[in-house]
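Notes follow the structure.
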């Protein structure tokens with residue numbers, strides 16, 4: 001995908017968004033399904049060729065930012081349709097699926113897990129102040145609202161920790177009090193973070209510094225994580241090793257190449273890969289040859 005035309009989108013407006021991670025949607029009873037997010041550009045996909053992308057990098061390296069900014073300033077409609085794929089927990093079995101559903105390098109086939117529309121993502125306002133609204137933005141999968149939770153996806157588990165750790169160092173422990181990082185109308189800022197620079201909400205007043213507790217008058221049991229089993233091959237990391245040494249590891253890449261790509265896209269992928277390999281410093285990597293018997 002990286003070396004195909006998908007790796008050189010024509011700006012941010014003309015590009016679909018595919019979430020590699022698996023999350024959970026959880027209802028009030030604690031029952032959940034696994035989900036994957038997709039954001040489909042209503043204005044369609046447009047892509048540079050590798051040559052066009054290289055030229056644009058030299059002539060206008062801020063092309064994507066400028067294109068989006070100017071379109072919003074003109075009042076143009078910038079919108080993505082929000083879609084979701086849904087998988088029942090009992091179906092998250094690699095033996096049945098033929099792939100690990102928590103592997104970020106794998107897709108969920110749409111024939112098995114159809115795309116369902118649930119909303120839209122609209123960009124209609126540029127930042128008023130770059131420092132306040134952009135430099136202090138702290139996107140992290142560790143920031144979740146009630147009803148959305150993590151899955152056994154190992155890369156997601158990793159990112160939930162290290163993204164937040166980097167943001168605490170860059171912005172400060174009270175980053176959730178910066179308006180751009182506060183869920184709209186949530187009025188709930190990381191309840192277990194106490195004091196620190198620029199703390200302005202009295203540490204939730206009389207709440208104890210741990211949760212759950214029998215004193216906290218603001219503790220919300222509805223935000224507690226839904227329990228799920230991690231001891232069998234349905235949701236444990238045993239599934240992560242399902243594909244080791246199996247030919248099925250290449251099934252989805254083969255499907256992308258043979259069914260999805262056009263002839264021209266295949267030619268572009270080969271050319272783009274070759275163009276990058278010429279920069280590799282070792283001739284043994286550049287030249288394909290058969291190993292000695």
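For residues that are assigned to a helix (DSSP H, G or I) and in contact with a helix residue (DSSP H, G or I) (Cβ under 7 Å, 6 or more places away or on another chain), scanning just the stretch 133-167, find the one that is surrounded by the most Cβ atoms within 10 Å (Cβ to Cβ). Step through it out loud before you land on a result.
First, the residues of the stretch 133-167 that are assigned to a helix (DSSP H, G or I): 133-135, 154-167.
Restricting the remaining residues to those that are in contact with a helix residue (DSSP H, G or I) (Cβ under 7 Å, 6 or more places away or on another chain) gives 133, 154, 167.
Values: 133: 15, 154: 14, 167: 21.
Here the residue is 167.
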Residue 39 passes all but one of (1) touching a residue at least 40 places away in the same chain (Cβ under 8 Å); (2) assigned to a helix (DSSP H, G or I); which number fails? (2)
Can you name every residue in the stretch 13-24 that is within 21 Å of residue 269 (Cα to Cα) and part of a loop (DSSP other than H, G, I, E, B)? 14, 15, 16
Matching residues in the stretch 48-77 (touching a helix residue (DSSP H, G or I) at 6+ places or on another chain (Cβ under 6 Å) and surrounded by fewer than 18 Cβ atoms within 10 Å (Cβ to Cβ)) number 2
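So, residue 110, is that one assigned to a loop (DSSP other than H, G, I, E, B) and surrounded by fewer than 19 Cβ atoms within 10 Å (Cβ to Cβ) or not?
On the way: assigned to a loop (DSSP other than H, G, I, E, B): yes; surrounded by fewer than 19 Cβ atoms within 10 Å (Cβ to Cβ): yes.
Considered against the rule, which asks whether it is assigned to a loop (DSSP other than H, G, I, E, B) and surrounded by fewer than 19 Cβ atoms within 10 Å (Cβ to Cβ), residue 110 comes out as yes.
Residue by residue through the stretch 1-11, note down the ones that are surrounded by fewer than 16 Cβ atoms within 10 Å (Cβ to Cβ) and either touching a residue at least 24 places away in the same chain (Cβ under 8 Å) or on the phi > 0 side of the Ramachandran plot (or both).
1, 7
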Would a scan of the stretch 123-131 turn up a residue that is within 16 Å of the chain's Cα centre (by Cα) and surrounded by fewer than 14 Cβ atoms within 10 Å (Cβ to Cβ)? no
Given (1) in a loop (DSSP other than H, G, I, E, B); (2) farther than 30 Å from residue 99 by Cα, index of the condition residue 55 fails: (1)
Residue 34 fails exactly one of the following numbered conditions: (1) out of contact with any helix residue (DSSP H, G or I) (no Cβ under 7 Å at 6 or more places or on another chain); (2) not in a loop (DSSP other than H, G, I, E, B). What is the number of that condition? (1)
Given the conditions (1) modelled with pLDDT of 75 or more; (2) not in a helix (DSSP H, G or I), and given that residue 206 satisfies all but one, which numbered condition is not satisfied? (1)
Of (1) in contact with a strand residue (DSSP E or B) (Cβ under 8 Å, 6 or more places away or on another chain); (2) within 28 Å of residue 176 (Cα to Cα); (3) not in a strand (DSSP E or B), residue 82 satisfies all except one. Which? (3)
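Go through the stretch 221-293 and tell me which helices (runs of 4 or more DSSP H), entirely inside it, have 1 or more residues that are at pLDDT 80 or above and surrounded by 12 or more Cβ atoms within 10 Å (Cβ to Cβ). Quick ask: steps written out before the conclusion?
Working: elements: 251-255, 263-277, 283-286.
Output list reads 251-255, 263-277.
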Would you point out the residue of the stretch 85-105, among those that are in contact with a helix residue (DSSP H, G or I) (Cβ under 6 Å, 6 or more places away or on another chain) and not in a helix (DSSP H, G or I), that is surrounded by the most Cβ atoms within 10 Å (Cβ to Cβ)? 100
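The values are calculated or read from the model by the stated rules, or taken from the named source; none is laboratory data. From a predicted model like this one, the values you see are computed outputs, not experimental measurements. With ideal geometry, Cβ positions are generated from the backbone for all residues, glycine too; neighbour counts draw on all protein chains shown.
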